[in-house]
Ligand SMILES: Cc1ncc(COP(=O)(O)O)c(C=O)c1O
């Protein structure tokens, strides 16, 4: 297996200083060039491996409107997992027919809204949803069944979704998935095919290969038993990225080939359309976050002293460290002295260690800037207002190298706009 070359986006120092002055920190920065080139590479790789393919961008990774517009412009449909994400796609100018709706607890309201808009597909997760859909006029919307293939990926437990006891989808092993197919038949629902997503940040493709093989075998079984011919098989997203320089995600072309081979090897002479919906691998490496160092503090420990570099953001703009013990690579913009190991901490009322055991120049000072690589995915989209911090701004570095504001920093009116103070 060959690894992807390290072409993560990194801001050069002079631009970083300019952006911090102009837009403030913490600041998300996304490179349009790096994002588009990943979208194109994936499309090229998938269609080189198989003639009938469809790609969607998983908007949960980053649903800033300008980002969605670029993904659609590059020929990706938009995968949404809530009414809010669907609204984001619509506001970005993406027609609902180019979106599909996920979600393991879709409300009546979400389903109705998606159908009113004319959503392309709904990925059905459970029997209750199937009942709700059967009671509605689906128009041109097609249905896909999300399957739990019973595959356990090697990734953090919070982003494992394909194992047999997952909350997502219809279990194949206990017969639920087959039952769902039967219901679609009985109720004449427009079943289009099957979906699975085994997990995220996959550096070992084995689970993805197994997931693809499982849904293909299931599709053939349903054809033999019920005469249902799947037109579309969607194997989800999941390809990992290089959070640290020594992470070795698979090359996209090898990865797509592996998935296609895994599916085809169980399909006999059937040739349905194959789909994927990557998120992280499209945008994580195309983004960085800029922080300013607020405080440097040394504290005594049992074995010596610990150096804290405390930045002006933290848990509220990047919850991944706290949620998944996620690791990142951090670079200083200023400072050039020999390295000193430090703990980069946030400013929240938690021990919100952002990044532990990081080597930064020993002469790094309060007021200096640092950039954290590979933060384009699951940072802006997971940001919160914890401790009442406004969500950060995001700047897109356009193809001409010029920065464009694509998300303003929240202002105080927005932070408090939902509050109702009783008399
Ligand atoms: C159903 C589904 N599809 C696609 C994705 C995107 O995964 P990734 O960002 O790892 O490519 C996810 C992520 O959670 C998901 O749940």
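No lab work stands behind these numbers, since they all come straight from the coordinates. In this text, all values refer to a predicted model and were calculated from it rather than measured experimentally. So basically every Cβ, Gly included, is an ideal-geometry build from the backbone, and we count neighbours across all protein chains shown.
Over all Cα atoms in segment 176-302, the spread is summed up by Rg and Dmax: 20.6, 70 Å. Report summary: the helix-based calculation at 222 nm, which adds -39500 (n - 2.57) for every DSSP H run with n ≥ 4 and divides by the residues of the chain, gives -8500 deg cm²/dmol. For the chain, find the longest principal axis of its Cα atoms and tell me its angle to the long axis of helix 176-186, 0 to 90°, nearest 10. Helix 176-186 and the main axis of the chain meet at about 50 degrees.
Note on segment 285-411: antiparallel DSSP beta bridges, both residues inside, total approximately 90 percent of the bridges counted.
Packing order of peptides 393-404, 25-36, highest average first: 25-36, 393-404 (average count of other Cβ atoms within 10 Å over each peptide's residues). Ellipsoid semi-axes for the chain, based on the Cα gyration tensor and the rule √(5λ), read 40, 24, 20 Å when sorted largest first.
The ranking of 176, 332 from fewest to most other beta carbons within 10 Å of each one's beta carbon is 176, 332. Per-peptide packing, taken as the mean over residues of other Cβ atoms within 10 Å, places 242-252, 56-66 in the sequence 56-66, 242-252 from highest down. Distance between the C-alpha centres of segment 339-411 and segment 279-294: 8 Å, rounded to the whole angstrom.
Between the helical axis of 108-117 and the dominant principal axis of the chain, each derived from Cα atoms, what acute angle in degrees is found, rounded to the nearest 10? The angle comes out near 80 degrees. Of the peptides 183-191, 110-118, the order by per-residue mean of other Cβ atoms within 10 Å, starting with the highest, comes out as 110-118, 183-191. Distance between the C-alpha centers of segment 44-92 and segment 303-331? Whole Å please. Their Cα centres are 30 Å away from one another.
Counted by neighbouring Cβ atoms within 10 Å, the residues 388, 408 run from fewest to most as 388, 408. When 18, 8, 41 are arranged by Cβ crowding within 10 Å, least crowded first, meaning fewest neighbours, the order is 18, 41, 8. Both the radius of gyration and Dmax for segment 50-278 are 16.7, 52 Å, in that order, over alpha-carbon atoms. Once you order the gyration tensor axes a ≥ b ≥ c over the Cα atoms, which shape class does segment 295-407 get: rounded for a/c under 1.5, otherwise prolate or oblate by comparing a/b with b/c? Judged from the Cα gyration tensor, segment 295-407 comes out oblate (a/c at least 1.5, b/c at or above a/b). When both bridge partners sit in segment 50-278, DSSP labels roughly 5% of those beta bridges antiparallel. Beta bridges from DSSP with both residues in the chain: antiparallel share about 45 percent, rounded to the nearest 5. Restricting the calculation to Cα atoms, segment 1-128 yields a radius of gyration followed by a Dmax of 17.5, 55 Å.
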